[in-house]
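None of the figures in this text is laboratory data; all of them are computed from the coordinates on show. Keep in mind that this is a model prediction, so the values were computed, not measured. Cβ placement follows ideal geometry from the backbone for every residue including glycine, while neighbour counts extend to all protein chains displayed.
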Amino acid sequence: MVREDVIPRPPWALPSSGLMLGIRQPPEPRPNTMPHPIVKTVASSGCNSYLLGCPTTRRCLLVDPKVGQESVYAGLIDSYGFELLATLDTHTHADHLSASSRYLGEGVELWMSGDTECQRSKRALAGGDHVQVGELEFEVLEVPGHTPDSIAIFGHGLVLTGDSLFIGGLARADFRGSDPALLFDSVTERLMALPDQTLVFPGHNYDDLLFSTIGRERQLNESLKHESGSQYAKALGATEGQGNTPAVDAALACNLERDPDLPESPPNVAACCASPTGGPAADSIAEVSPEEAIEVLEELVASSSWVDVREPWEFQQGHIPLTRSIPLSELGFALEDLRATQPLTISCRSGVRSMTAARTLERLGVAHGPKNLSGGILRWQELDYPVEGEHVS
Ligand SMILES: [Fe+2]
């Protein structure tokens, strides 16, 4: 499923060189206008990678990089003015090829659990360790079960769960080395003990949702409603190793190698989670046309209920007058504010990213009947409706 439409590059972004890894020197740090991390999700065939950036130092961590997505990461690193500090693999992947060896070849450190059998040079992490990304500090949490070396990182109101807790489910536990009871126990003991408002960014999602919260998963996640790990394992009925198809084994072998010979764009190997997410049905989010929206524009902007989720530089270049800019990368940090401004109208460039935002906010219970601007600002401009910004004459 496509989560992003085409994101225009900001005026300051420069072309990347070499392998398009985006590790050139960044621009000078800009003033701190965001007291929270910048979290940029890159979704590719159900696999999520994350750029986790410090808003003051512009250093960033690339979590679970996937082979074939390097140019996407490089474009975002350029666009945000980030400097890539390290990559982090939340576990030894079996469903796709990790790009960590490519970044190692460019001098970018790999962070990974010390329990991994991966042969790559790495900073070995253990539960309780703290990792620094610029001025941001995150705690490493061990969440074994999907694999023995699964970790999550927690801090600043969010947790990147890797393959452990998903939105509406848990990770698969039918690979060699998987342990469904341990997965349930480590998630309930380590992740579900986090504050309810903690944002949950999972390693996979198949339902066009951006994130959840610990509190919402406590309410809605059916996999967590078992009384114990052993009950969950019994209900799951998974047999250890049944998920190890030849393709999975080939991907795993590659991800264990020190210097693998990686293809440019490998096909996906397997889905890592088949659990239903319980997200809103695809057609449950109402669309509003620009022709309808302009009739009530004054009313919408007066209530601060029209949100534009494009990147900050897209908003600066041209936006619908008086609409609010809350980029997708910051949406999770504005939930209380958004909860107070209902019903929401959400827009982006073409209507794709705003639909993701609407679905995410609806499932969280933050938005009630949000409306998605069909065709986005592109359609709005075609109709010659008012736009203001730097690139508007
Ligand atoms: Fe996985």
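In the elastic network of the chain, a GNM with C-alpha springs shorter than 10 Å, the most mobile of S150, S354, S284 is S284. Restricting to the chain, what percent of DSSP beta bridges are antiparallel, rounded to 5? Of all bridge pairs located within the chain, approximately 55 percent are antiparallel. Give the percent of DSSP beta bridges with both residues in the stretch 38-256 that are antiparallel, rounded to the nearest 5. Rounded to the nearest five, the antiparallel share is 65 percent.
Fully extending the segment from Q316 to E117, taken as 0.36 nm per residue of separation minus the present Cα-Cα distance, adds 67.0 nm.
Remark: the stretch 140-155, residue by residue, has Karplus-estimated 3J(HN,Hα) of 8, 10, 7, 10, x, x, 5, 9, x, 10, 6, 10, 10, 10, 10, x Hz, where x stands for each Gly or Pro and the curve is 6.51 cos²θ - 1.76 cosθ + 1.60 at θ = phi - 60°.
Under the rule of -39500 (n - 2.57) per DSSP H run of 4 or more residues, summed and divided by the residues of the chain, what mean residue ellipticity at 222 nm is obtained, to the nearest 500 deg cm²/dmol?
My calculation for the chain gives -6000 deg cm²/dmol from helical runs alone.
Working from label points 7 Å from Cα in the Cα-to-Cβ sense, the S45 to V352 distance is 1.7 nm.
Here's the list of aspartates and glutamates a cross-link from K234 could span, going by alpha-carbon distance under 13 Å and ignoring same-chain residues fewer than 8 apart: D174, D179. Evaluating 6.51 cos²θ - 1.76 cosθ + 1.60 at θ = phi - 60° for every residue in the stretch 94-109, the Karplus couplings come out as 10, 10, 7, 8, 6, 8, 4, 5, 5, 5, 4, x, 9, x, 9, 4 Hz, glycine and proline recorded as x.
In this rough spin-label picture, where each label sits 7 Å from Cα along the Cβ direction, the E295-H36 distance is 3.5 nm. Amide H contacts of T92: D149, each under 5 Å away and 5 or more positions distant or on a separate chain (H built 1.01 Å from N in the peptide plane; Pro and chain starts excluded).
Under a model in which nothing but the beta-carbon of Lys, Arg (+1) and Asp, Glu (-1) is charged, the chain shows a dipole of about 220 debye around its Cα centre. A cut-off of 5 Å between modelled amide H atoms, ignoring neighbours fewer than 5 places along the same chain, links L97 with V67.
Given springs between every Cα pair under 10 Å in a Gaussian network model of the chain, which of H146, H204, H36 has the largest fluctuation? Maximum among the listed residues: H36. Amide H contacts of W306: R324, T345, each under 5 Å away and 5 or more positions distant or on a separate chain (H built 1.01 Å from N in the peptide plane; Pro and chain starts excluded).
Once the Cα-Cα distance is subtracted from the 0.36 nm per residue extended length, the K225 to E240 segment shows a gain of 3.2 nm.
Placing unit charges on the Cβ atoms only, positive for Lys and Arg and negative for Asp and Glu, gives the stretch 194-347 a dipole magnitude near 660 debye about its Cα centre.
Site pair R339 and A126 shows an inter-label distance of 3.9 nm when each label is modelled 7 Å from Cα along Cα→Cβ.
Rounded to the nearest whole Hz, the Karplus-based 3J(HN,Hα) values (6.51 cos²θ - 1.76 cosθ + 1.60, θ = phi - 60°) of the stretch 162-171 follow the sequence x, 9, 9, 8, 10, 6, x, x, 10, 5, with x at glycine and proline.
Subtracting the Cα-Cα distance of A247 and D259 from 0.36 nm times their residue separation leaves 2.4 nm of extension gain.
Shape class for the stretch 286-382, computed from the alpha carbon gyration tensor (a ≥ b ≥ c): rounded, with a/c under 1.5. Of all the options T356, T116, T41, the one that moves most in a Gaussian network model of the chain with Cα springs shorter than 10 angstrom is T116.
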